[in-house]
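What follows is a short report on a single structure.
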Amino acid sequence: MTWWQILLLILGVLLVVMGIAASLKARSLDRVHKNVTKSRIALERALVDRARAALEVSRSGVLDVASAVVLADVATEAIEASAYPIVDDGWEEISIADDSGRAIQRRSPDVGPDRLTIESELSRALGHSVDGLDETSPELGHLHNARVAVQMTRRFHNIHVSQARRVRKSRLVRILRLQGTAPEPVTVNLDDRIARE
């Protein structure tokens, strides 16, 4: 073999290795983007379920009148705001279904309310009205489960977003622009605390 044949062989091997590495990184990026999408859908559903459960509790009679009115107002506002994305990061094409299975029509985040603030207000209203109640009822049990689901799905979503950002920051992804036109996902930071019992 001549030196140029050896050089061609080495370049061919390098190109094959780089192609395999790029393919593996692209698959990894696709997987984490799908995880972000799935976890965002789960979070959106959990937030809607929590707002509906809060509305049920406000109507159940377990709260005093003032707390029930405040909780009903904030829960209704959260349900109405669910037509808008939770954060404006370009992933607003994600859709969730209503109770009948129809997709809820998403609206542009540019004209909508600040959902993070509304959801945090609902958390605070729940903290002031529901946390610390000695009474138990099916509605309160459902609400508690919905609140825990919001905490868990938000944490999982933020973990998936962090993983996606980590993969997107790799040198190979940036050089080859493997992320394509997919926007960079954003973590969801809202107040979803539940008072310890």
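The values are calculated or read from the model by the stated rules, or taken from the named source; none is laboratory data. On a predicted model such as this, the values are computed, not experimentally measured, just so you know. A quick note on method: Cβ atoms are made from the backbone with ideal geometry, for glycine too, and the neighbour counts reach across all protein chains shown. Please note that ligands, DNA and RNA were not included when accessible areas were found on the heavy atoms of the full protein model with its side chains. Shrake-Rupley method; radii C 1.70, N 1.55, O 1.52, S 1.80 Å.
The table for this structure:
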{"read-out": "Contact order normalised by residue count of the chain, Cα under 8 Å, 6+ apart, percent", "value": "31 percent"}
{"read-out": "Estimated Rh, the chain: Kirkwood, alpha-carbon pairs, angstrom", "value": "19.3 Å"}
{"read-out": "Given charges at beta-carbon only (K, R positive; D, E negative), |dipole| of the range 16-74 in Debye", "value": "520 debye"}
{"read-out": "Rounded to the nearest 20 debye, dipole of the chain from Cβ charges on Lys, Arg, Asp, Glu", "value": "1700 debye"}
{"read-out": "Surface accessible to a 1.4 Å probe, per residue, for the residues of the chain, Å²", "value": "59 Å²"}
{"read-out": "Estimated [θ] at 222 nm from DSSP helical runs (n ≥ 4, -39500 (n - 2.57)) normalised by residues in the chain, nearest 500", "value": "-23000 deg cm²/dmol"}
{"read-out": "Hypothetical label at residue 24: residues of the range 154-176 whose amide nitrogen lies under 20 Å (7 Å Cα-Cβ projection)", "value": "163-176"}
{"read-out": "Cα gyration tensor, the range 124-197 - rounded (a/c under 1.5), prolate or oblate", "value": "prolate"}
{"read-out": "Carbon and sulfur %, accessible surface of the chain computed with the full protein complex present, 1.4 Å", "value": "57 percent"}
{"read-out": "Virtual spin-label span in nm between residue 13 and residue 136, 7 Å along Cα→Cβ", "value": "6.9 nm"}
